[in-house]
Structure formats: C-alpha cells, structure tokens
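Peer 1: Submitted below is the structure of interest, expressed as structure tokens.
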Amino acid sequence: MSNNDDAEAALFVEIFRRDDDEASLPPKLVEAYVAVVEPKRCGSLLKILGRDLPLVGTTTNDAKSDKTTGTSRPLPSSKPPASVPRCLDLSHLKRVKKPFLSLEKNNNGTQSPTKKKAKHSDDENCKNQQRAPLLEILLQSVDSLDGAYGKERMKTLAPSKDDNLHSSSIVDFLKQRYQIEIIEKRTVPGRPPESHQEWQDAQQKYWPTVFFPQKSKEHKDQLLQLSNQELQQMTKGMQEAIQDCQKVNQSQSGGDSSQQLLEGAIIMDPKNALVVSTSADERTMQMTTSSSGTNSTTKADTAQSETKTTSILNNPLATPILLAIQGVSRIERNKAVAAGMGSTDFQKGQYLCTNYDLYTTLEPTVFEAMALVHSRIRRIVFGKTRRGGRGGIHQFHIHALPSTNHHFRAFQCQPECESDLWKQCQQLPATGDLAS
C-alpha cells in the first residue's frame, strides 16, 4: 500500500461494539479433567463419554435411557429448561491426546504414566516396565464437573440404589463408573482459536484444537478490510454530506446562524458512487409540496400553507437522516407508480436502503440509528459525535446489537489525524447537542 493509500485509510476509524459481555465469555484457558487410559479402551470409552459427558455446551439432563447399554443419551433436538445446569462448551477441542509413551509399575503394583520412553537395556529393572503408548481423553472442565453440572450428571447416571456413588466426589464417581484408574487435570484452551498463530500455540502448549480458518476472527478481519476504491468513495460521500449541510443552511437560514440546521445527510449507491437521496432535496420537496398544495390565494389558505411549512421545519422527526431515508422512499414509490402495482419489480420489493450507504456530518441519534436498521442500510460514515451520550453509535451501538436481525458497519472521520474532512465537520453549525 502506497503512502497515499495509507493516508486515505487513516481518514476513517471503524466503531465496534464494546465487549461489554467479555466477562460472560469463557476464559482463554481453563482447567479440565482428563482420563489417562490404554489405547485398547479408547474406542468403547469415547462412545460412552459422547453420550454421558458431551463436549458441546448443552445439557444432557433431558435424555432418555438407552435400553442396550443402560446408559442415558441426550436428545439432540430437545431444548432443556433454563434451570438445568450447563457445561462449558469445549467442542473446539479434540477429545483424545497422545502425550505419554510408557506406563511404569510402581513398587506397590499400581500404574503411573511417564513422558519418557523407556530405553532398551538388559537390566532386570526394565522387565518391570510395560511399554505402551497411553492416551488422554478429555472429560470436561473442572468447573463444570465440580459444580452443578457434575452433580446433575452424578444424579442422572448413578444407579439409584448405589449410595456409594452418590456420596463420592466427581473424580471418584468417574473412576468407578468408567473403570478409569488415572484422572488428572490439564490446562486446555477455553475458547476456539481466533487466529492461525493462536491455534499453533494451543496445539503445541496445551491441547489438540480444531481450527476453521474461515470462522476465525483473523479471517473475518481480513474480509472487513477496505479497498482503496472504497476509501476514496467514503471520502467523496463525506464531502457530499458536508455540501448537503451547507446547502440546507444557506437555503433555509438566509444567513441567520440561529436558524441553521444541525447536519447534512446523503444516501449513496456504492455500486456506482451516485447519490440517491439528500436531506436538502427531500426537505425542499416536502416544503414545495406543502406550499403548492392549494391554488387558492386567500389569506386563510396562505396561512395554512405557511403552517405546514413551519411544521416540517420544526418537526422533531424530520431530521436530515430521516429525510434522506424518506427521499429513497419517494424514489421507490415513484418507480412503483410508473411501473404499475402489478409489475415484477414492484412485486419483488425490498427494504428501502438495502445495499446503500449513508454519509452524515453528525452521529445518528438512537431513533435515527434504529431507522437505519429497519431500512437495512449497508454502512454509515459520520463526522461528528454527539455530546452527553446521546449518540446511537458510540454510546448504544445500535448498529451491532446482538438482538437485532440486521447489523451495519459504522465509521467516523478519524479525529486523531485531524484531516480536512474532520475539521470541516467540526466547523459546521452546532448547538449544545454537538461535540466541539
């Protein structure tokens, strides 16, 4: 990327939703229980654990009995009640790991794993060593099994008449139920890897991990990178918004700064970089329609026309952003009337601002941002932020609410570089609602 491209990219900064729910996300590393077993037991044990202790973050409380094995198995399609305890989702981890290469017999006859492979020797002590590769099988996180989820599993899986199992700890319960001799704790990744490097670190340092590059944050960030053409188009769009603000001010205020409007707003089609609608044109159109609504020249009709014009100017819902959206609506309505209500284009229909971009000199308010959500805007770029936490983007992140069925990207003119675009937006007419 050339110096000009770097300068172009520095003009805008994207606004992301704050990670307010960071505390609710799983930690990057968690402690987990693993069973150390011989390979010959791995296959049968994996089948049982897949039913009894799944790695997915769903509960198996709503399960039915398997008549063939006597164990309970989850119902994939069932949705358990919210009160049922949940386990940590470890589905991004592979279930089996091969860390140990030999199994040594202790003096008391019990077995313990060692990570060092026994050397070939004629020494009699080597006869006491049974060389066998051992496998580690991931059970579940320590917090899940030691908590409410583990108690629910013990209650569900243990035979009702076996009081010893009900009264034992979760580790003892797992050892007895699955005939596991060794259960240990391991540190494992608590979240899916977000980059290739993070996946490599997880593989080498902690536990075998599943990695889907196209689902990673690294890949998504690459897809979100702006091209040079997009950056140039965003610069052009902001210049059009500034001109729209100046046009409205000059036409409505007559030079009186106390009557000047707050901002300019335009909607652009990014396919051809053409302006579809402007707030100045739509406001003029509505005022012209109100003024020419009657052919009578009586004082009463003239007063009524002036009242309509004044109501448009003072209407709190007739903001530049909403007027720009109404301009798109007017164009679509005229197209529908011209083509006919039975035309194919009219029957298809779409949301007003699908695949359109909005450029405005001032950050949208909450209700303006929600109007953009409902209009299915593709992207917005603004110059100035609102003071006192009244902005719908910086403060409330309406553009990226998890509960809405449409999200759009939001950019602001970079304040740190103090570009010409940013300076022009700061110099536009302002009231107490604007940040200087």
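The values are calculated or read from the model by the stated rules, or taken from the named source; none is laboratory data. Since the model is a prediction, treat every value here as computed from it, not as a measurement. Quick reminder, even Gly has a Cβ in these numbers, built from the backbone with ideal geometry, and neighbours come from all protein chains shown.
Peer 1: Can you tell me which residue in the range 211-230 is modelled with the lowest pLDDT, limited to those that are of a type outside the set (A, V, I, L, M, F, W, C) and not in a helix (DSSP H, G or I)?
Peer 2: So, considering only residues that are of a type outside the set (A, V, I, L, M, F, W, C) and not in a helix (DSSP H, G or I), the one modelled with the lowest pLDDT is Ser216.
Peer 1: Exactly one condition in (1) over 14 Å from Ile267 (Cα atoms); (2) at pLDDT below 90; (3) hydrophobic (A, V, I, L, M, F, W, C) is not met by Ile398; state its number.
Peer 2: Every condition holds for Ile398 apart from (2).
Peer 1: Another question about this same structure. Please return the ranges of helices (runs of 4 or more DSSP H) entirely within the range 317-415 where 2 or more residues are of a type in the set (S, T, N, Q) and within 28 Å of Asn272 (Cβ to Cβ).
Peer 2: 320-339, 344-348
Peer 1: Please give the number of the condition Thr360 fails out of (1) over 22 Å from the mean Cα position of the chain (by Cα); (2) surrounded by fewer than 22 Cβ atoms within 10 Å (Cβ to Cβ).
Peer 2: The one condition Thr360 does not meet is (2).
Peer 1: Of all residues being of a type in the set (A, V, I, L, M), under 17 Å from Leu224 (Cα atoms) and touching a residue at least 40 places away in the same chain (Cβ under 8 Å) in the range 378-417, which is surrounded by the fewest Cβ atoms within 10 Å (Cβ to Cβ)? Just the residue, please.
Peer 2: Among residues in the range 378-417 that are of a type in the set (A, V, I, L, M), under 17 Å from Leu224 (Cα atoms) and touching a residue at least 40 places away in the same chain (Cβ under 8 Å), the one surrounded by the fewest Cβ atoms within 10 Å (Cβ to Cβ) is Ala400.
Peer 1: Which count do you get for residues in the range 174-210 that are surrounded by 14 or more Cβ atoms within 10 Å (Cβ to Cβ), under 27 Å from the mean Cα position of the chain (by Cα) and part of a loop (DSSP other than H, G, I, E, B)?
Peer 2: 9
Peer 1: On to the next question. Can you name the residue in the range 1-60 that is in a strand (DSSP E or B) and of a type in the set (D, E, K, R) and, of all such residues, is modelled with the lowest pLDDT?
Peer 2: For the range 1-60, the residue satisfying everything is Glu14.
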